[in-house]
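Below: the structure, in structure tokens.
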Amino acid sequence: MTLVLGAIADDFTGATDLANNLVRAGMRCVQTIGVPDAHLSLDDVDAVVVALKSRSTPVKQAMADSLAALEWLQDRGTRQVFFKYCSTFDSTADGNIGPVADALLERLGADQTVMVPAFPVNGRTVYQGHLFVGDRLLNDSGMQHHPLTPMTDADLVRVLGRQTRHPVGLAARPVLARGTEATRAHLETLAAEGVRHVICDTLDEGDLEVLAEAVVNYPLVTGGSGLGQALPAQYRRRGWLAEVAEPGRLAPAAGSALVLSGSCSRATLGQVAHFLERHSPDSPRGFALDPLKLAEDERHLAQALAFAREALADSGPVLVYASADPERVQAAQAALGVERAGELVEHALGELARTLVDEGVGRLVVAGGESSGAVVSALGIRQLRIGDQIDPGVPWTQAPLPGREAPLSLALKSGNFGGPDFFTRAFEVLP
Ligand code: ADP
């Protein structure tokens, strides 16, 4: 079985975002957490997205992990490799995008790749090599203050030029506007000049289509999930990919429904409030975890568990949440330290997930990027089959569980995603 697309994503939520877009564009997709096991079944799978943490790890580690993922994909005859990074080109001062792309190109024996970070529906566009977030240049968009990957230069040719010893070129909008053939000819001219990396302008979906068609035969493409949305149509045109009626089809969900929330982002706080309001005070369905109490007394976690067990016996979802407003978070952090407060919550969510899934929870929503990581790792989950999206960017997924016949249905929501009724609606849309 040949994989059509194999993606190597530099972080977990970025991987899910790409996988979600691939499913929406008609590919059956599995996301793995780290390099997949040798025996991962590829039945009915068109694309695998390997989620790494290579955005913020030291550059040598990022290259080694990416090459290990590539080797796995090459062993499975993958037609096209996609190196996925953020639509805001997030990279550290050392810059991992250039070195990882160079390592992948070299191992694939390819001469050139394109860099297409843009995601026009989310307001990320590129013009004359400059990245915009909405109507602001990247370095004026708030991204210049990012704690891990501050982006202080919107000129991607220059940014990438600092990350690779190879020349960096540009495929500018006026070329794209002349269509696929002109774009391909431009890329070939650049290749003849020894340009290995080409930053590509993108203003809209039409530009993504032109680019996808121009590079469909490249062994390696790189970019954000916008390009991922445009490629599957090209694969179909070439007969590499069959039409699939329901690429996001999952096995029927079974088991009780639980929400674990460790996100304190604004959208999540609204979702918690919405959920609590829906349920009458005489039959509460929500339990508030408090990191200060977790630190003081292990009975607090036992109380959360007892509450969840009892509430899960009735039908309808149950919520356990550490989500709190900024003042309460700051108070916990001042008393415990930022790291310890986070660890206590993440450990508690992991324990609750492990125990309650063992006891029959089969549908689980987790809110928070770090919180999702903690839960997935406590459950020992290594791969997720990607289903249909609940809200933009958040799909239902399914994971096989050792010793259990039915898979676990799992939705991992990063902080600011999802509408206000997400914690109830997620279960209503699940087949
Ligand atoms: P998001 O996706 O919204 O950023 P994350 O789960 O990635 O959410 O990050 C939230 C972090 O805040 C986690 O490390 C979590 O453990 C921590 N946290 C959650 N609730 C509290 C709280 N009440 N006090 C302090 N830290 C908290």
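The values are calculated or read from the model by the stated rules, or taken from the named source; none is laboratory data. Quantities reported herein were computed from a predicted structural model and do not represent experimental measurements. When we count neighbours, we look across all protein chains shown, and the Cβ atoms used for this are built from the backbone with ideal geometry, even at glycine.
Could you please find all residues in the stretch 109-121 being within 21 Å of LEU231 (Cα to Cα) and either among the β-branched types (Val, Ile, Thr) or surrounded by fewer than 17 Cβ atoms within 10 Å (Cβ to Cβ) (or both)?
Of everything in the stretch 109-121, those that are within 21 Å of LEU231 (Cα to Cα) and either among the β-branched types (Val, Ile, Thr) or surrounded by fewer than 17 Cβ atoms within 10 Å (Cβ to Cβ) (or both) turn out to be ALA110, ASP111, THR113, VAL114, VAL116, VAL121.
Scanning the stretch 276-292 for residues that are touching a helix residue (DSSP H, G or I) at 6+ places or on another chain (Cβ under 8 Å) and under 19 Å from ALA353 (Cα atoms), which turns out farthest from the ligand (Cβ to nearest atom)?
Across the stretch 276-292, the extreme among qualifying residues is ARG285.
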**Asked** So which residues in the stretch 192-201 are closer than 19 Å to ALA101 by Cβ and either in contact with a helix residue (DSSP H, G or I) (Cβ under 8 Å, 6 or more places away or on another chain) or without any contact (Cβ under 8 Å) to a residue 24 or more places away in the chain (or both)?
**Response** ARG196, HIS197, VAL198, ILE199, CYS200, ASP201
**Item:** Selection count where residues are more than 10 Å from the ligand (Cβ to nearest atom) and in contact with a Pro (Cβ under 7 Å, 6 or more places away or on another chain), scope the stretch 328-360
**Value:** 0
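Mind listing whichever residues of the stretch 421-431 are in a loop (DSSP other than H, G, I, E, B) and either within 16 Å of the ligand (Cβ to nearest atom) or among the acidic types (Asp, Glu) (or both)?
Within the stretch 421-431, just ASP421 meets the criteria.
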**Request:** Could you list all residues from the stretch 73-95 that are in a helix (DSSP H, G or I) and buried (at least 20 other Cβ atoms within 10 Å of the Cβ)?
**Result:** LEU73
**Message:** Going residue by residue through the stretch 393-410, is there one that turns out to be surrounded by fewer than 24 Cβ atoms within 10 Å (Cβ to Cβ) and within 16 Å of the ligand (Cβ to nearest atom)?
**Reply:** yes
**Prompt:** If ASP65 satisfies every condition in (1) surrounded by 20 or more Cβ atoms within 10 Å (Cβ to Cβ); (2) within 30 Å of GLU205 (Cα to Cα) but one, which is the exception?
**Reply:** (2)
**Fill in**
Of the conditions (1) in the same structural domain as ALA324 (by TED's automatic domain parsing); (2) of a type outside the set (Gly, Ala, Ser); (3) more than 11 Å from the ligand (Cβ to nearest atom), the single one that ARG266 does not satisfy is (3)
**Prompt:** For ALA295, which of the numbered conditions (1) among the aliphatic types (A, V, I, L, M); (2) more than 13 Å from the ligand (Cβ to nearest atom); (3) modelled with pLDDT of 95 or more fails to hold?
**Reply:** (2)
**Asked** Which of (1) away from the ligand (no atom under 11 Å from the Cβ); (2) in contact with a strand residue (DSSP E or B) (Cβ under 6 Å, 6 or more places away or on another chain); (3) closer than 17 Å to ILE33 by Cβ; (4) not in a strand (DSSP E or B) does SER377 not meet, given it meets every other one?
**Response** (2)
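One line per residue, one yes/no per condition, for (1) under 22 Å from ALA273 (Cβ atoms); (2) among the hydroxyl-bearing types (Ser, Thr, Tyr):
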| position | (1), (2) |
| --- | --- |
| VAL338 | no, no |
| ALA341 | yes, no |
| LEU352 | yes, no |
| GLU370 | yes, no |
| SER377 | no, yes |
**Message:** Restricting to the stretch 156-191, count the residues that are in contact (Cβ under 8 Å) with a residue 60 or more places away in the chain and under 15 Å from PRO117 (Cβ atoms).
**Reply:** 4
**Prompt:** Out of (1) closer than 17 Å to LEU319 by Cα; (2) within 16 Å of the ligand (Cβ to nearest atom); (3) assigned to a helix (DSSP H, G or I), what's the single condition that is false for GLY418?
**Reply:** (3)
**Request:** Return the only residue of THR222, THR180 being in the same structural domain as VAL59 (by TED's automatic domain parsing), surrounded by 23 or more Cβ atoms within 10 Å (Cβ to Cβ), under 30 Å from GLY26 (Cα atoms) and not hydrophobic (A, V, I, L, M, F, W, C).
**Result:** THR222
**Asked** Yes or no: GLY337 free of Cβ contacts under 8 Å to residues at least 40 places away in the same chain and either among the aromatic types (Phe, Trp, Tyr) or farther than 12 Å from ALA288 by Cβ (or both)?
**Response** yes
